[in-house]
Amino acid sequence: MRRLRVRPRDLPLGKLAETSSYNRLVAGAIRAKSAGHLPSQSQIERMLRRQTVLFERIQARKDPGMEAFGRHAARRYGFSLARNGGLDFRWKRPPFGRIGHASDFYASVDRALVPVALLPTDRRVVVFATGRAFAEQNARLGYITQDECVRRARDVMSAQVHLVGTRIVPRDQLARTKVVAVAYDMVTSEEETPALRIQSLLDPSFTHPTSVLAAERIFGPLVADAASRKNGSFVRRRGRLRGHALPDEEILHNVRGLVLVGASIGCVVSFQAVRWLDQVLEELGVSRRVRQEARRSILVINIGPTTTLPRDPTVNLLSIISRNDEFVLAGNDVAARIRTRDRSGRAVVPEPATNGHHVTVILDSQGTISRNDETLIFDPSGSHYGHSMKFYMDAARDGGLASVVERAITTPGPYRLQDLFDDAAASGELRVEAPWPHDAQRP
């Protein structure tokens with residue numbers, strides 16, 4: 001067995017609290033486990049007590065406000081602040097790190113990414129799949145070799161597309177719906193991924209160049225008759241887009257039933273892509289009414305969102321969050337929604353301030369430490385510190401979320417997400433009460 005070189009700073013909460021006893025204990029237990037020495041129950045219990053203390057300490061940092069927390073996180077990660085209050089960071093620009101040039105979209109076929117062409121009229125579920133940053137870290141820590149890094153990133157992206165297609169898209173819709181990854185130029189490095197999370201807290205209006213390119217690849221043919229480059233982006237001359245908007249009814253027909261799925265840092269890119277759609281439609285002279293109807297005809301699904309995003313009540317947003325996800329804890333503030341879940345006993349948490357367009361599902365999926373009956377389980381690698389997309393998607397499948405996605409795909413026009421949840425729950429297809437099947441027992 002290969003011995004791992006894990007240090008406290010390599011853990012999801014390591015940069016925020018490198019010297020905490022919890023991170024030291026977890027890093028030491030991972031190294032010992034890689035050498036064949038499993039932690040005892042008393043050692044796991046000690047880690048659990050230290051975990052509770054650290055989680056509460058990090059939440060206390062968030063309570064004064066997430067912008068202040070963003071500045072704190074920037075210092076801990078060693079980032080500098082610009083004069084406008086955002087990060088002084090050199091963002092990578094396309095085509096850095098693109099997964100392939102054969103197509104703007106890729107399907108998962110036999111667990112491999114395969115180029116696929118889409119027509120504007122095709123129903124589609126677009127996955128903002130990620131994996132490069134984790135692959136880079138795994139290579140540095142000794143899980144894989146540097147030569148395996150890009151291949152593993154593609155494997156992870158293919159697996160994410162496969163999980164979405166098999167867990168939350170109903171089988172009878174798969175024949176009529178394309179489930180694909182958008183070939184966006186990935187936010188690749190271990191450094192840029194946390195930078196983008198923190199920038200979202202400090203400057204919510206920021207849009208990464210990657211998000212712009214992804215948006216124009218996804219939405220361009222659906223909303224405009226415009227010249228585009230080989231990479232799928234619009235052609236502009238002197239800042240003006242070369243082309244014109246499609247007729248209003250054609251735009252609304254093309255975007256209805258569209259589902260965008262972001263996982264981890266992909267949640268930021270998918271959110272920014274939808275915001276860019278509105279900006280492009282405004283640039284093309286499309287009316288406010290049509291722009292609003294277009295946004296409300298799209299479902300955005302955030303799986304394990306690792307930062308706080310601006311609340312836009314004109315977009316249907318489903319957030320799926322595990323209370324045990326340390327990557328979510330590192331950058332997002334979900335404490336209020338978890339409290340609501342615990343008080344109500346319902347996994348489905350509505351957000352009244354968004355007039356029914358935002359809904360959160362709180363899971364108890366397995367994390368670094370979980371409980372199986374009376375036994376504590378230490379599994380940071382298998383659970384990916386609570387951030388495993390497989391665990392997320394298995395719980396979503398068992399809770400019946402496919403019934404909500406089916407309604408989003410087939411509803412002919414704008415809708416309120418809460419109405420789809422209510423209808424699915426009333427029909428018995430969706431479980432509302434917590435915990436959902438497949439959820440772990442909380443330690």
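The values are calculated or read from the model by the stated rules, or taken from the named source; none is laboratory data. What you see is a predicted model, and the numbers here were worked out from it, not measured in a lab. Note that each Cβ is placed from the backbone with ideal geometry, even for glycine, and that neighbours are counted across all protein chains shown.
Structure above, values below:
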| item | result |
| --- | --- |
| Criterion violated by residue 121 - all others in (1) modelled with pLDDT of 90 or more; (2) over 18 Å from the mean Cα position of the chain (by Cα) satisfied | (1) |
| Qualifying residue in region 356-371 (condition: farther than 25 Å from residue 336 by Cα and buried (at least 20 other Cβ atoms within 10 Å of the Cβ)) | no |
| Filter pass, residue 297 being closer than 18 Å to residue 399 by Cα and either assigned by TED's automatic domain parsing to the domain that holds residue 262 or surrounded by 15 or more Cβ atoms within 10 Å (Cβ to Cβ) (or both) | no |
| Which listed residue, of 212, 269, 286, is at pLDDT below 95 and in contact with a strand residue (DSSP E or B) (Cβ under 9 Å, 6 or more places away or on another chain) | 269 |
| Tally of residues being modelled with pLDDT under 95 and either under 26 Å from residue 68 (Cα atoms) or not assigned by TED's automatic domain parsing to the domain that holds residue 199 (or both) across region 337-369 | 4 |
| Residues within region 270-306 that are over 25 Å from residue 180 (Cβ atoms) and in a helix (DSSP H, G or I), tallied | 6 |
| Matching helices (runs of 4 or more DSSP H) fully within region 162-240 where at least 1 residues are in contact with a helix residue (DSSP H, G or I) (Cβ under 6 Å, 6 or more places away or on another chain) and either hydrophobic (A, V, I, L, M, F, W, C) or without any contact (Cβ under 8 Å) to a residue 40 or more places away in the chain (or both) | 192-202, 209-223 |
| Search result, residues across region 34-52 that are of a type in the set (S, T, N, Q) and either farther than 18 Å from residue 377 by Cβ or outside any helix (DSSP H, G or I) (or both) | 40 |
| Residue satisfying condition, being under 14 Å from residue 380 (Cβ atoms), of a type outside the set (Gly, Ala, Ser), at pLDDT 90 or above and not assigned by TED's automatic domain parsing to the domain that holds residue 216, within set 9, 71, 31, 76 | 31 |
| Search result, residues across region 11-29 that are within 22 Å of residue 331 (Cβ to Cβ) and surrounded by 19 or more Cβ atoms within 10 Å (Cβ to Cβ) | 11, 12, 13, 14, 16, 17, 20, 22, 23, 26, 27 |
| Residue among 286, 259 that is in contact (Cβ under 8 Å) with a residue 40 or more places away in the chain, surrounded by 23 or more Cβ atoms within 10 Å (Cβ to Cβ), of a type in the set (Val, Ile, Thr) and on the phi < 0 side of the Ramachandran plot | 259 |
| Members of region 400-443 found to be in a helix (DSSP H, G or I), buried (at least 20 other Cβ atoms within 10 Å of the Cβ) and either of a type in the set (Ser, Thr, Tyr) or modelled with pLDDT under 95 (or both), listed by number | 403 |
| Among residues of region 289-315, those that are in contact with a strand residue (DSSP E or B) (Cβ under 6 Å, 6 or more places away or on another chain) and closer than 22 Å to residue 226 by Cβ, counted | 1 |
| One residue from 398, 394 being in contact (Cβ under 8 Å) with a residue 24 or more places away in the chain, in contact with a Lys or Arg (Cβ under 7 Å, 6 or more places away or on another chain) and assigned by TED's automatic domain parsing to the domain that holds residue 165 | 394 |
